[in-house]
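The values are calculated or read from the model by the stated rules, or taken from the named source; none is laboratory data. Remember, it's a predicted structure, so these values are computed and weren't measured experimentally. Ideal geometry is used to build each Cβ from the backbone, glycine not excepted, and the neighbour counts take in all protein chains shown. Each accessible area value is taken on the protein alone, full model and side chains, heavy atoms only, with ligands, DNA and RNA left out. Shrake-Rupley method; radii C 1.70, N 1.55, O 1.52, S 1.80 Å.
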Amino acid sequence: MTGPVEPISKGQFFMMVAVSVVAGGVYLWPQYLVASAGSNGLYALPVTTGIALLLTWLEVRWAETTHASPFLLTVRRTWGWFSWPVFLGTAVFCVAIDVIILALFGKMLQTFYYPNTPSWAILAVIGVTVAWVGARPLATVARQVQFWFPLILITLLLVLALSISHWRFYQVLLPSPNWNIPDWFRAVVGTWFLYVNGGVVVSLTPRVRVKHARERMQMALWGIGFQGFILLVLYVVVMTTLGPYGTAKLRWPIIYVFSLISVRSFFIKGIGLLVTVIWTSALILYLAVHLFCLGWNVDTLFRQKNYRWMIVTATAVIAGLAAFIPSDLVARALLFNWVNPADFYWTLTVIPVSVAVAWFRQRHRGQSTAGEGGNT
């Protein structure tokens with residue numbers, strides 16, 4: 001990159017990790033989960049969140065073991081000549097999910113808010129904003145996230161508080177007497193796309209300015225755990241408002257929940273516009289963090305020292321591919337039937353094996369150095 005990548009604070013690291021997951025696809029939540037496992041979907045969420053926490057712990061350990069950044073250099077130092085499949089596979093899966101998430105978001109906005117606007121125009125506006133935010137130095141991107149993330153969170157909590165009067169299906173929070181393991185497992189895997197962030201954690205970990213190394217681990221785990229809690233809250237809100245049948249049948253159940261909210265004594269009559277601002281801002285930050293790290297890694301790969309144009313190009317490609325997806329039904333089929341399960345098994349295999357290989361190579365180098373020192 002042009003100049004050194006400045007260190008970021010542990011608070012900025014927490015927010016960047018948090019916004020790099022969940023935020024992109026939260027508007028889909030939790031329709032697929034409930035359609036797959038019914039009321040038992042509630043018990044699939046902690047399992048998926050637990051897997052995400054475990055893999056994040058391994059990613060931080062991996063980065064600290066190799067002492068390399070960004071993700072590409074971590075992979076190279078671990079796998080050597082075999083680094084290409086690991087790097088390309090992780091990058092392709094992350095980009096594919098980003099394309100689908102962006103396409104679904106564009107279809108949602110077009111359906112509910114801008115029916116007379118073509119989806120490609122909506123995607124173009126979002127793409128330009130993402131490129132403008134993401135094509136900055138790391139410290140600047142971190143400050144953008146630091147400023148907007150708390151505002152998005154406060155606004156979301158306000159909207160959720162206004163929905164309390166519509167909660168009525170409390171019985172859906174009780175365990176179902178019918179336990180179907182295949183359906184439950186499909187729900188676990190189906191939630192995984194919310195936690196996909198490519199090599200963001202590995203890339204950022206060595207750049208965090210802390211007094212003690214354990215603080216990096218704590219902030220990364222807090223970021224994932226916090227977003228898991230947000231998903232749980234949204235699950236409770238949607239299910240207690242719409243019930244399991246309504247949640248499973250509606251494509252964007254959260255939209256219908258928020259459409260019920262009306263604040264007559266406030267300066268707006270409906271809450272829809274506020275929800276649009278929340279989700280659009282969250283999606284822009286989500287994509288900006290992903291694309292910044294992608295551009296950083298590609299810049300490291302080609303040593304072009306021109307990461308800004310790489311980020312702009314990657315954003316244009318992602319927005320263009322999203323525009324080619326013809327409908328939200330096609331996008332959902334691609335996400336839940338193909339890309340999401342493949343990435344789940346890929347990540348569940350690559351990360352633990354890479355950490356083991358990195359640890360073995362570091363130990364081998366340490367023994368070799370000790371042996372050379374003894375011979376002298």
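Summary table
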quantity: Test: residue in the range 50-60 that is open to solvent by less than 10 Å² (accessible area, probe 1.4 Å), touching a Ser or Thr at 6+ places or on another chain (Cβ under 8 Å) and farther than 25 Å from Ile101 by Cα; calculated: yes
quantity: Evaluation of Pro244 against (1) within 28 Å of Val95 (Cβ to Cβ); (2) crowded, with 16+ Cβ neighbours inside 10 Å (one fails), failing number; calculated: (1)
quantity: Any hit, the range 47-62, residues being outside any helix (DSSP H, G or I), in contact with a Leu (Cβ under 9 Å, 6 or more places away or on another chain) and aromatic (Phe, Trp, Tyr); calculated: no
quantity: Residue satisfying all of: in the range 112-127; part of a helix (DSSP H, G or I) and without any contact (Cβ under 8 Å) to a residue 24 or more places away in the chain; nearest to Leu301 (Cα to Cα) among these; calculated: Val125
quantity: Any pair with Cβ under 8 angstrom, 6 or more apart, that starts in the range 83-103 at a residue that is free of Cβ contacts under 8 Å to residues at least 60 places away in the same chain and ends at one that is assigned to a helix (DSSP H, G or I); calculated: Ser83/Leu72; Ser83/Val75; Ser83/Arg76
quantity: Where Pro4 falls short, out of the listed (1) in contact with a His (Cβ under 7 Å, 6 or more places away or on another chain); (2) at pLDDT below 95; (3) not β-branched (Val, Ile, Thr); calculated: (1)
quantity: Selection count, the range 63-94, where residues are assigned to a helix (DSSP H, G or I) and open to solvent by less than 40 Å² (accessible area, probe 1.4 Å); calculated: 16
quantity: Hits in the range 170-184 - residues which are within 29 Å of the chain's Cα centre (by Cα) and free of Cβ contacts under 8 Å to residues at least 12 places away in the same chain; calculated: Ile181, Pro182
quantity: All positions within the range 159-214 that are of a type in the set (Val, Ile, Thr), part of a helix (DSSP H, G or I) and closer than 25 Å to Arg332 by Cβ; calculated: Val159, Val172, Ile181, Val188, Val189, Val200
